[in-house]
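The values are calculated or read from the model by the stated rules, or taken from the named source; none is laboratory data. Since the structure is predicted, the reported quantities are computational estimates derived from the model, not experimental observations. Cβ atoms come from the backbone with ideal geometry, glycine included; neighbour counts cover every protein chain shown. Protein only, heavy atoms only, side chains kept; ligands, DNA and RNA dropped before computing areas. Shrake-Rupley method; radii C 1.70, N 1.55, O 1.52, S 1.80 Å.
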Amino acid sequence: MNIGVILRLARRYTSRQLLQSVLFVLGVALGVAVVIAIDLANNSANRAFLLSAESIQGQATHQITGGSVGVPTELYYDIHVELGIEESAPVVEGFATAIELGEQPVRLLGVDVFAEAPFRNYLSDTRIIGEFDNAFGALNAFLAEPDTLLMSATLAERFTIEPGETITLRAGAEQIDVRVVGYLLPNDSVSEQALEDLLLMDIATAQAIIGEPGFINRIDLILPDDYDMSQITDVLPDGAQLVSVTEGNSTLAQMTAAFELNLQALSLLALVVGAFLIYNTVTFNVVQRRPVIGTLRSLGMTRNQIFTLILSEALLLAAIGTVLGLALGIILGRGAVQIVSQAVNNLYLTVNVNRVALDPFTLLKGGVIGIAISAMAAIIPSWDATRTAPAGVLRRSSIEDQARKQLPLLTGAAVVLNMIGLALLAIPSQSTVLSFAALFCVVLGSALFTPGLLVLVMRYAAPLTERVFGVLGRMAPRAVARSLSRTSVAVAALTVAVSVIVGVSVMIASFRTTVADWLEITLSADIYVSPPTLTSGNEGMDADIQETVAAVPGITQVLAARNNTTTSPDYPGMPPVRLTAIEFDPERDDRRFDWNSAPDGDTFAALASGMVMVSEPFAFRRGITPQNNTITLQTDSGIREFEIFAVFFDYTTDQGLVYMDLATYRDNWDDREISSLGIYVAEGIALPDMIDTLETETLVGLDVIVQSNRTLREGVFEVFNQAFSITVALRLLATIVAFIGILSALLALQLENTRQYGLMRAVGLTPGQLRRFTIIQTGLMGFTSGLLALPIGLALAAVLIFVINIRSFGWSMYFIPLPGEMAQAFVVALGAALVAGIYPAYRLGRLVTARALRSE
């Protein structure tokens with residue numbers, strides 16, 4: 001028999017078993033769709049950031065950067081004229097909020113038009129349309145008039161901004177009106193996306209909005225490979241440094257790698273659950289066709305041909321499911337990209353993602369994963385179809401006998417997989433990939449315990465169900481145990497899905513409780529004042545605002561804080577170091593420490609002496625210990641070494657923070673701005689009244705946010721919920737796939753046992769009793785799944801919290817298995833099984849006895 005005949009037989013059978021085929025396809029499609037959606041979202045966010053970075057960096061190979069205020073403008077003269085580096089350009093860049101552009105953050109780029117050509121082609125290769133529909137007028141206004149800018153035509157069209165209109169930009173606590181004198185029209189789609197949220201202006205305008213007169217953010221350079229860098233470093237003032245653009249571009253990948261890996265691993269769980277469904281469906285295919293297979297074997301069909309026939313059917317359905325999954329994944333990706341980009345904005349840096357980047361490799365990867373997992377799930381039942389001799393293939397009981405004989409083997413495999421998982425977790429490594437490999441071993445190994453535990457649960461459940469449901473209650477557990485080859489796979493699929501719900505729910509609840517406790521300690525002030533935050537919170541306010549607020553009657557104390565970023569020569573290639581400088585009050589600050597080696601344990605004396613402390617993620621990623629407790633930072637007065645006296649628990653960022661006293665910061669950085677104020681109000685004064693006074697009188701005219709302690713906490717938890725919203729969606733999809741697996745198993749059982757059900761009807765069981773019989777079986781399966789999922793889920797949560805979370809983000813968290821979350825997961829398991837049993841029960845109620853007795 002040639003391959004064409006085999007494929008024709010495979011296609012004919014799948015079309016006849018339409019419902020089973022549809023469930024198979026749906027399970028594969030959902031699993032593939034989740035993987036594709038997450039990949040597209042991650043890739044789109046990365047692509048948006050890289051295009052944004054490239055649009056600003058252009059062809060630069062190196063950059064000269066400065067401290068908190070940048071580098072002096074005079075340094076550009078030294079580089080361009082004194083050193084004779086012609087391919088150099090001054091740049092002012094930053095973020096602002098455009099009021100008329102949907103209050104969204106936009107990138108501002110201030111440039112010197114005459115130095116731009118080697119770096120960025122906006123003013124040469126890009127077409128410009130101005131107020132008079134010509135490039136000359138737009139460029140003339142751009143060069144000659146103050147407070148003007150050019151914006152992308154795509155952005156202008158989205159918000160209907162015409163040339164000549166004025167828009168308001170907000171940066172920090174200041175606002176400025178600027179006039180749009182022209183559009184930038186890129187020549188290709190890549191450039192269009194790169195310029196989508198960019199506003200181009202001259203140096204002076206950018207300095208007025210986001211910079212400081214006399215200073216620029218950086219100087220871009222194009223240097224040959226053999227250039228002597230010492231010529232540049234010798235003329236750099238204190239606080240300035242020469243960096244490679246390539247090194248800077250790796251920051252996003254380092255910052256978000258763990259976040260993306262976590263999402264991808266969770267998305268793969270949906271396919272793992274789908275693999276149980278595929279196995280179940282193909283096994284049913286084999287069982288139902290054993291008489292046909294026996295006949296074909298008797299007529300001379302070889303084992304290889306039988307194997308090819310069964311596997312071909314599975315791959316045919318898998319191919320259809322994969323194609324549908326790719327299409328569905330693209331649709332889901334459009335929603336996921338907003339969730340992922342919002343999480344990246346909240347946790348890492350500002351990324352504007354306005355379109356989904358369809359990466360061919362992502363689609364190829366999703367297709368290969370879908371087909372590969374389907375093939376692996378189908379190989380065992382396909383091979384099993386070749387093992388039975390023609391004479392014994394008609395004996396249905398031999399299938400279950402074989403399933404029971406495999407119980408010791410499956411249990412042994414479960415033990416081995418769990419031991420491998422534990423061994424991988426015990427390896428002293430920071431590898432997140434290794435951690436997830438261990439997690440999958442534990443989850444799959446635990447799932448293999450299902451058949452043996454299902455038999456035990458049914459044995460001990462029978463007396464109870466008999467007392468509750470009578471004779472049907474005695475028959476249902478036996479029916480579940482007798483069909484172990486079918487029911488155990490469905491229960492395992494649901495168990496894995498529900499254990500994911502338990503594990504992730506406990507992890508989220510534990511993290512939420514930990515963050516709530518941390519906020520209780522950290523946010524002690526009654527009211528907080530800050531500028532609107534766009535990026536890492538470096539936006540500042542004039543320091544005089546502190547005295548102005550402190551003079552308001554009813555305010556007892558005002559503490560200032562300043563956020564900034566710098567670099568450390570100790571950690572080349574790592575993301576910038578985030579600094580937080582605070583005026584500490586010993587009576588109000590009660591932080592929790594991982595370790596504290598301050599003299600006499602006096603934290604505040606150590607801070608006042610110029611020592612610093614770092615957050616737990618910072619110490620984890622850089623190997624800081626009581627023995628390795630110094631850090632070198634680039635300050636505005638040069639490179640300086642600071643002693644680290646403590647590591648404290650903090651959940652602001654997974655990249656970590658360096659904390660110091662505000663006085664120490666101002667001694668080393670020429671920065672007098674403040675990022676936030678913590679205000680303490682006298683007893684008896686209503687906070688809403690004080691906030692109203694600050695907003696309408698004291699701070700009127702300043703673009704700042706005034707919020708109470710409670711409002712700020714609610715904002716933190718809103719960000720928290722946004723960060724985990726996609727995780728909730730992934731849990732839901734895994735449950736849907738498991739639900740399909742239960743439904744598929746019940747339909748398979750019903751078709752296999754049609755004759756048995758016919759006999760039950762013939763001896764007097766009513767249609768209603770048959771329906772209850774099915775519902776009791778599904779309830780027992782759901783009960784068992786929920787029961788097994790609880791310990792597996794708790795083990796999964798422990799791995800997520802104590803291993804993966806620390807290796808991914810560096811955060812220590814409480815382990816809080818909330819009873820409500822676990823009860824909810826158990827109800828999900830039981831409910832999913834009961835709902836899945838409704839349609840099969842309905843079909844049994846319509847069973848025709850005579851036709852069922854004739855079936856075989």
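Do we find a residue being surrounded by 14 or more Cβ atoms within 10 Å (Cβ to Cβ) and at pLDDT 60 or above anywhere in the stretch 244-254?
Yes, there is a match, as at least one residue in the stretch 244-254 is surrounded by 14 or more Cβ atoms within 10 Å (Cβ to Cβ) and at pLDDT 60 or above.
Scan (1) polar (S, T, N, Q); (2) open to solvent by 10 Å² or more (accessible area, probe 1.4 Å); (3) part of a helix (DSSP H, G or I) for the single condition residue 499 breaks and write down its number.
Tallying (1) polar (S, T, N, Q); (2) open to solvent by 10 Å² or more (accessible area, probe 1.4 Å); (3) part of a helix (DSSP H, G or I), residue 499 fails exactly one: (2).
Out of curiosity, is residue 678 outside any helix (DSSP H, G or I), open to solvent by 30 Å² or more (accessible area, probe 1.4 Å), of a type outside the set (Ser, Thr, Tyr) and closer than 17 Å to residue 526 by Cα? Can you show your working first?
Numbers: outside any helix (DSSP H, G or I): yes; open to solvent by 30 Å² or more (accessible area, probe 1.4 Å): no; of a type outside the set (Ser, Thr, Tyr): yes; closer than 17 Å to residue 526 by Cα: yes.
Criteria not met by residue 678.
Mind checking which residues of the stretch 552-587 are modelled with pLDDT of 90 or more, of a type in the set (S, T, N, Q) and within 34 Å of the chain's Cα centre (by Cα)?
Residue satisfying the conditions is 580 alone.
Tally up the residues in the stretch 812-824 that are at pLDDT below 85 and in contact with a strand residue (DSSP E or B) (Cβ under 9 Å, 6 or more places away or on another chain), please.
The total comes to 0.
Determine which single condition residue 514 fails, assuming it passes every other condition in (1) in a helix (DSSP H, G or I); (2) modelled with pLDDT under 85; (3) hydroxyl-bearing (Ser, Thr, Tyr).
(2)
Only one of 852, 829, 836 is within 18 Å of residue 781 (Cα to Cα), at pLDDT below 80 and in contact with a Leu (Cβ under 9 Å, 6 or more places away or on another chain); which?
Details: 852 fails: within 18 Å of residue 781 (Cα to Cα); 829 fails: at pLDDT below 80.
None of the other options fit; the residue is 836.
With respect to the numbered conditions (1) within 28 Å of residue 810 (Cβ to Cβ); (2) in contact (Cβ under 8 Å) with a residue 60 or more places away in the chain, which one is the sole condition not fulfilled by residue 422?
It fails just one condition, (2).
Filter the stretch 118-128 down to residues that are surrounded by 15 or more Cβ atoms within 10 Å (Cβ to Cβ) and out of contact with any Gly (no Cβ under 6 Å at 6 or more places or on another chain) and give me whichever is modelled with the lowest pLDDT.
Filtering the stretch 118-128 for residues surrounded by 15 or more Cβ atoms within 10 Å (Cβ to Cβ) gives 118-123, 126, 128.
Add one more test, that the residue is out of contact with any Gly (no Cβ under 6 Å at 6 or more places or on another chain), and what stays is 118, 121-123, 126.
Working: 118: 80, 121: 69, 122: 67, 123: 63, 126: 49.
If we take residues in the stretch 118-128 being surrounded by 15 or more Cβ atoms within 10 Å (Cβ to Cβ) and out of contact with any Gly (no Cβ under 6 Å at 6 or more places or on another chain), then 126 is modelled with the lowest pLDDT.
Having 2 or more residues that are open to solvent by less than 30 Å² (accessible area, probe 1.4 Å) and under 30 Å from residue 438 (Cβ atoms) is the bar; report the helices (runs of 4 or more DSSP H) wholly within the stretch 766-856 that clear it.
Details: elements: 767-799, 805-809, 819-836, 838-845, 849-854.
Answer list for the stretch 766-856: 767-799, 805-809, 819-836.
Going through 440, 449 one at a time, which residue ends up being within 26 Å of the chain's Cα centre (by Cα), closer than 30 Å to residue 814 by Cβ and surrounded by fewer than 24 Cβ atoms within 10 Å (Cβ to Cβ)? First the steps, then the outcome.
On the way: 449 fails: within 26 Å of the chain's Cα centre (by Cα).
Exactly one of 440, 449 is within 26 Å of the chain's Cα centre (by Cα), closer than 30 Å to residue 814 by Cβ and surrounded by fewer than 24 Cβ atoms within 10 Å (Cβ to Cβ), namely 440.
Being within 20 Å of residue 569 (Cα to Cα), surrounded by fewer than 18 Cβ atoms within 10 Å (Cβ to Cβ) and touching a strand residue (DSSP E or B) at 6+ places or on another chain (Cβ under 7 Å) is true for just one of 640, 592. Which residue is that?
That would be 640, the only listed residue that is within 20 Å of residue 569 (Cα to Cα), surrounded by fewer than 18 Cβ atoms within 10 Å (Cβ to Cβ) and touching a strand residue (DSSP E or B) at 6+ places or on another chain (Cβ under 7 Å).
I'm trying to understand the selection: among the residues of the stretch 452-475, which are within 43 Å of the chain's Cα centre (by Cα) and open to solvent by 60 Å² or more (accessible area, probe 1.4 Å)?
In the first step, residues of the stretch 452-475 are kept if they are within 43 Å of the chain's Cα centre (by Cα); the result is 452-461.
453, 456, 459, 460, listed by residue number.
Of (1) crowded, with 16+ Cβ neighbours inside 10 Å; (2) modelled with pLDDT under 80; (3) of a type in the set (A, V, I, L, M); (4) closer than 19 Å to residue 92 by Cα, residue 138 satisfies all except one. Which?
Tallying (1) crowded, with 16+ Cβ neighbours inside 10 Å; (2) modelled with pLDDT under 80; (3) of a type in the set (A, V, I, L, M); (4) closer than 19 Å to residue 92 by Cα, residue 138 fails exactly one: (4).
I'm trying to understand the selection: among the residues of the stretch 614-623, which are buried (at least 21 other Cβ atoms within 10 Å of the Cβ) and of a type outside the set (Gly, Ala, Ser)? Outline the logic, then answer.
So in the stretch 614-623, the residues buried (at least 21 other Cβ atoms within 10 Å of the Cβ) come out as 614-620.
Passing the criteria: 614, 616, 617, 618, 620.
When you go through (1) farther than 30 Å from residue 823 by Cβ; (2) in a helix (DSSP H, G or I); (3) in contact (Cβ under 8 Å) with a residue 60 or more places away in the chain one by one for residue 547, which number turns out not to apply?
The number of the failed condition is (3).
Residue 557 versus (1) without any contact (Cβ under 8 Å) to a residue 24 or more places away in the chain; (2) in a strand (DSSP E or B): which is the lone unmet condition?
(1)
Give me the residue from the stretch 566-587 that is over 28 Å from residue 245 (Cβ atoms) and in a strand (DSSP E or B) and, out of that set, most open to solvent (accessible area, probe 1.4 Å). Before the answer, list the steps.
Here is the first cut: in the stretch 566-587, the ones over 28 Å from residue 245 (Cβ atoms) are 581-587.
Going one step further and asking which of them are in a strand (DSSP E or B), we end up with 581-582.
On the way: 581: 1, 582: 30 Å².
By that ranking, first place goes to 582.
Search the stretch 165-192 for residues being over 23 Å from residue 210 (Cβ atoms) and in contact with a helix residue (DSSP H, G or I) (Cβ under 9 Å, 6 or more places away or on another chain), and hand back the single one that is modelled with the lowest pLDDT. Show your work before the answer.
Keep residues of the stretch 165-192 that are over 23 Å from residue 210 (Cβ atoms), which gives 185-192.
Filter once more, so that each one left must be in contact with a helix residue (DSSP H, G or I) (Cβ under 9 Å, 6 or more places away or on another chain): 185-186, 190-192.
Working: 185: 75, 186: 69, 190: 54, 191: 60, 192: 64.
My answer is 190.
Here is a check on your reading of the model: is residue 652 surrounded by fewer than 14 Cβ atoms within 10 Å (Cβ to Cβ), over 20 Å from residue 69 (Cα atoms) and polar (S, T, N, Q)?
On the way: surrounded by fewer than 14 Cβ atoms within 10 Å (Cβ to Cβ): no; over 20 Å from residue 69 (Cα atoms): yes; polar (S, T, N, Q): yes.
So residue 652 does not fit the description; no.
Could you check, for the stretch 668-684, whether at least one of its residues is farther than 30 Å from residue 72 by Cβ and free of Cβ contacts under 8 Å to residues at least 40 places away in the same chain?
Yes; the residues of the stretch 668-684 include at least one that is farther than 30 Å from residue 72 by Cβ and free of Cβ contacts under 8 Å to residues at least 40 places away in the same chain.
Among what's in the stretch 143-186 and is polar (S, T, N, Q) and surrounded by fewer than 16 Cβ atoms within 10 Å (Cβ to Cβ), pick the residue that is farthest from residue 199 (Cα to Cα).
Residues of the stretch 143-186 that are polar (S, T, N, Q), as a first pass: 148, 152, 154, 160, 166, 168, 175.
Okay, now just the ones that are also surrounded by fewer than 16 Cβ atoms within 10 Å (Cβ to Cβ), so 160, 166, 168.
On the way: 160: 15, 166: 13, 168: 12 Å.
For the stretch 143-186, the residue satisfying everything is 160.
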